[in-house]
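Comments concern the structure below.
The values are calculated or read from the model by the stated rules, or taken from the named source; none is laboratory data. Everything numeric in this text was worked out from a predicted model, so none of it was measured. Cβ placement follows ideal geometry from the backbone for every residue including glycine, while neighbour counts extend to all protein chains displayed. Note: accessible area is taken over every heavy atom of the protein model, side chains too, but ligands, DNA and RNA are not part of it. Shrake-Rupley method; radii C 1.70, N 1.55, O 1.52, S 1.80 Å.
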Amino acid sequence: MGINIRLKPLIVMAVIIFSTVMCPSVANAHKLNVFAYFENDAVVGEAYFSDGAPARDCDVVIKDLRDDVVICKSHTDKEGKFVISVGASKKGDFLIIVNAGMGHQGQTTISLPAQEDVLTTRAGEKSYFEESKDEDELLHLREEDLLSLMRTAVRSELDPLRNELLQLRKELSSPGFSEIMGGIGYIFGLVGVILWVKGEKKS
Amino acid sequence: MHISEGVLSVHTLAIGAACAVIGVAAGLKKMEIDKVPRVGIVSAALFVSSLVHINVGPTSVHLVLNGIGGLLLGLKLFPAYLVALFLQVLLFQFGGLAVLGVNTSTMALSGIIGGYLGRCIISSGKPPWLGGAIAGGVGVVLAGVFTALALAFSGDVFVVTAKLVLFAHIPVVIIESIIGAFVMTFIFKAMPSFVGECKKWE
């Protein structure tokens, strides 16, 4: 009976730990993740804690990785999203830092493509529109208009995929059952090692 | 209340690491063989407690359990926290290796002070649940103050950050006080010898 009483707190602690691990609403709060991509001369992104909760009204800073200079400052909206215009001329690698206060900070790196390469036709190459302008009078679209239309179409096609990717990243960033149990296993193993070493010394 | 990597200045990290080394050494010195399982169980509870989260305003907070840990372990809370936070860095990427010292120091030191207050209350003859509740609540409040202090050393305005951290942790303070009260009531029923232990200076 005496042993039972001594074991009781251990059993209760173990029950608390296991119920915490098994509880479906359990998630962690302490890693701030940043997901960002480049779209229409702007950096578009989302910041969220690893339980999926949005990081609301947090400062966002974009730094140029080459010279560590802050290019833009902004903040996230109520859904943790942000759209920051950086201008078309920017290219290279950029660091996006989101600070949620209280020591919570997350960051990600993105590469901005050189816009000129994407938009302009290469020298010496004749534009399709220049050739066909006279032939098809009904088509009054300028090259830029068509490009922007294509971008809109591609974006609407890509959006669900992007959301799914973000969802997947959110799910991957929260600790899994095996990691939690692994951590507890390490601690119990460590207790065993210390007990063994101390026991040897004692005997 | 883990501080992320890259937020604190180098000298804050150094001070935190030095405090953690002293604390862990003192804790290990105090660790008798019969207390090792208790340290392990508390360490496991600390490791898991960060996974129970509560959303508050722009950020989310989680259970801390440092005051209750301090009440049960005293100085041995330092090694327990070091192990728990180290595994959280490795497995969950919470905090970071460079800030491990600061996070260990802020959490363990506040927990030890909270726990010591709880022990004083219990040894003075007050009901155990009160000691547990005070330890739980004070532990979280002090952890917030120490975290704000660490951030203040690195450029944040102390009063603003402290207010923000403490305001966000009001629900945690309440919940931890309740958990502390329950844990202590239970432990005193199961292990009446703990009263005698509380009277000893840790």
Here are some residues: B:Asn55, B:Asn66. Which one is at negative phi and modelled with pLDDT of 85 or more?
-> B:Asn66
Name the one entry in B:Ala26, B:Ala18 that is part of a helix (DSSP H, G or I), more than 9 Å from every other protein chain (Cβ to nearest Cβ) and in contact with a Leu (Cβ under 6 Å, 6 or more places away or on another chain).
-> B:Ala26
Given the conditions (1) in contact (Cβ under 8 Å) with a residue 24 or more places away in the chain; (2) under 16 Å from B:Ala20 (Cα atoms), which single one is not true for B:Gly114?
-> (2)
Consider B:Leu13 carefully, then state whether it is among the aliphatic types (A, V, I, L, M), more than 9 Å from chain A (Cβ to nearest Cβ) and open to solvent by less than 20 Å² (accessible area, probe 1.4 Å).
-> no
Do we have any residue at all in segment B:91-114 that's crowded, with 19+ Cβ neighbours inside 10 Å, closer than 27 Å to B:Leu13 by Cβ and in contact with a Pro (Cβ under 7 Å, 6 or more places away or on another chain)?
-> yes
Unique match (being within 16 Å of the chain's Cα centre (by Cα), open to solvent by less than 40 Å² (accessible area, probe 1.4 Å), at pLDDT below 90 and aliphatic (A, V, I, L, M)) among B:Val165, B:Val140 | B:Val165
Options A:Leu190, A:Leu172; residue that is more than 27 Å from B:Leu77 (Cα to Cα) and within 14 Å of chain B (Cβ to nearest Cβ) = A:Leu172
In the set B:Pro171, B:Pro128, which member is surrounded by 21 or more Cβ atoms within 10 Å (Cβ to Cβ) and either in contact with a strand residue (DSSP E or B) (Cβ under 7 Å, 6 or more places away or on another chain) or within 14 Å of chain A (Cβ to nearest Cβ) (or both)?
-> B:Pro128
Segment A:58-82, residues that are without any contact (Cβ under 8 Å) to a residue 24 or more places away in the chain, within 17 Å of the chain's Cα centre (by Cα) and closer than 18 Å to B:Val7 by Cβ = A:His75
What number of residues within segment A:26-60 satisfy the criterion of being at pLDDT 80 or above, surrounded by fewer than 18 Cβ atoms within 10 Å (Cβ to Cβ) and within 14 Å of another protein chain (Cβ to nearest Cβ)?
-> 2
Give the residues of segment A:32-62 that are under 18 Å from A:Val86 (Cα atoms) and of a type in the set (A, V, I, L, M, F, W, C), sorted by residue number.
-> A:Val34, A:Phe35, A:Ala36, A:Phe38, A:Ala42, A:Val43, A:Val44, A:Val60, A:Val61, A:Ile62
For B:Ala80, are the conditions met, namely being within 11 Å of chain A (Cβ to nearest Cβ), assigned to a helix (DSSP H, G or I) and under 22 Å from B:Ile22 (Cβ atoms)?
-> yes
